[in-house]
Every structure is written in C-alpha cells, then in structure tokens.
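Since the structure comes first, as structure tokens, the remarks are kept for the end.
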Amino acid sequence: RLDRRSCGAPWLSAYDVRPSAAGGYAPLAFATTRGAAASGAPFALRGLAYGDAGSALLAHGDGWHYAETAEDGRPFRWATRAARSIVHVPAGGARVVVEGEVPVRYVALPASVVLEAGGARREVTTSGRFRLALDLPAGPPREVVLRSDRDFVPDEAQHNGDRRRLALRVDRFEIAAR
C-alpha cells in the first residue's frame, strides 16, 4: 500500500516502487475504498510515468487538459492558469522546456507566462509564442507549475459549447537529463 490519501481533491505524488523479486514487471493496482470497504468511488489517473532512477520523468496533473491534435496533425495540450506537473530529476540534474502560445485572438495582451519549481523560476511577458527553459538540480521528485495571468472561455468567443477555462496552448513540455 503506497498511499491512503483521500482523492477528494487533485493531488500529485511520486512513489519509489522496487522491482519484483522474480525480476521483470510488477503489477500495479489502484483501488478506492470508503472506510475499510472496497468501493467503486470515482477515481481518475491522469498521468503515469515510470523508469529507473537515472531517468528524467514527467507526469501532468491538475490544470492540464487532455492532448488534442491541430489541423496540421501536431499534438498540443491546453493549460489552465496554473498547470501542475510532477518531475523526477536524476543525479546529474535536468532541464524542463516548455513551448507554446498565448491565444492572441481571445485574451487581453500581453500575458505573463511563468515556469517554476521550488525556488527556480523563469518568466516571460508575451503576445504570442513563448519558450521557457528551467534547469533543475538533482533531488527528490518535485512539482513544476506553468502559470499565466490570462485565460478565456472558448464558448464566450465562439459560442461552441466549450466552457473550459483555457490559458496557454502548449506544443512542447519536456524534461531531459543533463
């Protein structure tokens, strides 16, 4: 049993799962309970990253919408005003890179875009495309947050039924070991 936290609010967490004694893969199961009894309580696993201790790993959490595909076939993902991710940084450190755009047709400009993890922070004020890179030292898994001070609701501009609050269209959000 790795965690007994309530899943009433979104949370990000990292766990060190040891290899199975027999080698190969070990089963990983998620279950919900109410009190001590197994329950069919709603549960959503929105991201899972796995690898060895030397791997740079990333999983998106609260504030990220599911991946979509642009008309030209390239994937992107919408982020809200505060999109949280969890990263594992290997012994040599890592760099997080995010690229995207402020949707200029729908938000007041310019917009402030911030990428932060603990005390490390990068910020840009932009009226369109942006790129931020953040170097992280080795250490335990930590939260990385992408923030914007502007957002919009597509339905208010396009009357298309999309009531999501969207801030940034992100084309790239990656972590790489240094």
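For the subset of the stretch 134-161 comprising residues that are of a type in the set (Asp, Glu) and exposed (fewer than 13 other Cβ atoms within 10 Å of the Cβ), which member is farthest from the chain's Cα centre (by Cα)? Before you say what the answer is, go through the steps one by one.
Filtering the stretch 134-161 down to residues of a type in the set (Asp, Glu) leaves 135, 143, 149, 151, 155-156.
In the following step, the residues that additionally are exposed (fewer than 13 other Cβ atoms within 10 Å of the Cβ) were identified as 155-156.
Working: 155: 24, 156: 26 Å.
The extreme case among them is 156.
What are the residues in the stretch 85-111 that are under 13 Å from residue 168 (Cα atoms) and either part of a strand (DSSP E or B) or open to solvent by 30 Å² or more (accessible area, probe 1.4 Å) (or both), if any?
Our first condition is that a residue be under 13 Å from residue 168 (Cα atoms); within the stretch 85-111, this holds for 98-111.
Within the stretch 85-111, 98, 99, 100, 101, 104, 105, 106, 108, 109, 110, 111 meet the criteria.
When you go through (1) open to solvent by less than 50 Å² (accessible area, probe 1.4 Å); (2) touching a residue at least 24 places away in the same chain (Cβ under 8 Å); (3) touching an Asp or Glu at 6+ places or on another chain (Cβ under 8 Å) one by one for residue 120, which number turns out not to apply?
Every listed condition holds for residue 120 apart from (2).
If residue 174 satisfies all but one of (1) at negative phi; (2) in contact with a helix residue (DSSP H, G or I) (Cβ under 7 Å, 6 or more places away or on another chain); (3) open to solvent by 30 Å² or more (accessible area, probe 1.4 Å), what's the number of the condition it fails?
The number of the failed condition is (2).
Only one of (1) within 21 Å of residue 174 (Cβ to Cβ); (2) at pLDDT below 85; (3) over 15 Å from the mean Cα position of the chain (by Cα); (4) surrounded by 10 or more Cβ atoms within 10 Å (Cβ to Cβ) is not met by residue 52, so which one is it?
Going through (1) within 21 Å of residue 174 (Cβ to Cβ); (2) at pLDDT below 85; (3) over 15 Å from the mean Cα position of the chain (by Cα); (4) surrounded by 10 or more Cβ atoms within 10 Å (Cβ to Cβ) one by one, residue 52 breaks only (4).
Restricting to the stretch 62-84, name every residue that is in a strand (DSSP E or B), under 12 Å from residue 169 (Cβ atoms) and aliphatic (A, V, I, L, M).
Matches in the stretch 62-84: 79, 83.
The values are calculated or read from the model by the stated rules, or taken from the named source; none is laboratory data. Keep in mind that what you see is a predicted model, and the values were worked out from it rather than measured. Backbone-built Cβ (ideal geometry, glycine too); neighbour counts: all protein chains shown. What goes into the accessible areas is simple: the full protein's heavy atoms, side chains included, and nothing from ligands, DNA or RNA. Shrake-Rupley method; radii C 1.70, N 1.55, O 1.52, S 1.80 Å.
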